[in-house]
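One structure below.
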Amino acid sequence: MSFYHPALLLTGALLTALSLLGLSLQLGWRKGAPHRPHHLLFFAVCAGVVICLALAFAAGQRWWGLLPALALLLLMPRTRPGRAGHWRLAVACALAYGVGSWWAW
């Protein structure tokens, strides 16, 4: 296990937490709750993907596998929360990260 593997796992855990929190907001389980934790987790996931890219590059691994996940994450602010396009892009981000982290492992 190389030094970037824990970063991949931690970013995956953050992405899972972000997805679950977003799902709870989408389904209305947290009506009136602040959206700040969701936004903070989003920035943490973006930073985690960039760090994973840098660490995989430094280790000489297949870092380019994570580029689609980063690109989709950076497109997320263009969608409106609560709309179908937002959650569809979130699912695409999660799938792209899963495949990209498997590829970079």
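With θ taken as phi - 60° and the coefficients 6.51, -1.76 and 1.60, list the Karplus ³J(HN,Hα) couplings across the stretch 26-35 in order, rounded to whole Hz; mark glycine and proline as x.
Each residue of the stretch 26-35 in turn: 5, 7, x, 6, 10, 5, x, 6, x, 8 Hz.
Quick check: pseudo-label points 7 Å beyond the Cα along Cα→Cβ at Ala59 and Ala17, how many nm apart are they?
Here the modelled spin labels are 2.1 nm apart.
Which of these values of Rg/Rh (Cα atoms, Kirkwood Rh) was calculated from the structure shown: [x] 1.11; [y] 1.00; [z] 1.07?
Matching the structure shown: [y].
Could you point to the residue in Ala33, Leu89, Leu72 farthest towards the positive end of the chain's charge dipole, with +1 and -1 charges on the Cβ of Lys/Arg and Asp/Glu respectively?
Looking along the dipole axis, the top candidate is Ala33.
Between Leu74 and Trp105, what is the label-to-label distance in nm when each label sits 7 Å out along the Cα-to-Cβ direction?
2.7 nm
Dipole of the chain, Cα-centred, from +1 at each Lys and Arg C-beta and -1 at each Asp and Glu C-beta, to the nearest 20 debye?
440 debye
Set the Förster distance to 30 Å, then compute FRET efficiency between Lys31 and Leu95 from the Cβ-Cβ distance, nearest 0.05. If you can, show how the numbers build up before the last one.
Working: r = 28 Å, r/R0 = 0.94.
So the FRET efficiency works out to roughly 0.60.
Read-outs: derived from the displayed coordinates by stated rules, not from any lab. Worth saying up front: this structure is predicted, and the values here are computed from it rather than measured. Counting neighbours? That spans all protein chains shown, and the Cβs are built from the backbone with ideal geometry, glycine included.
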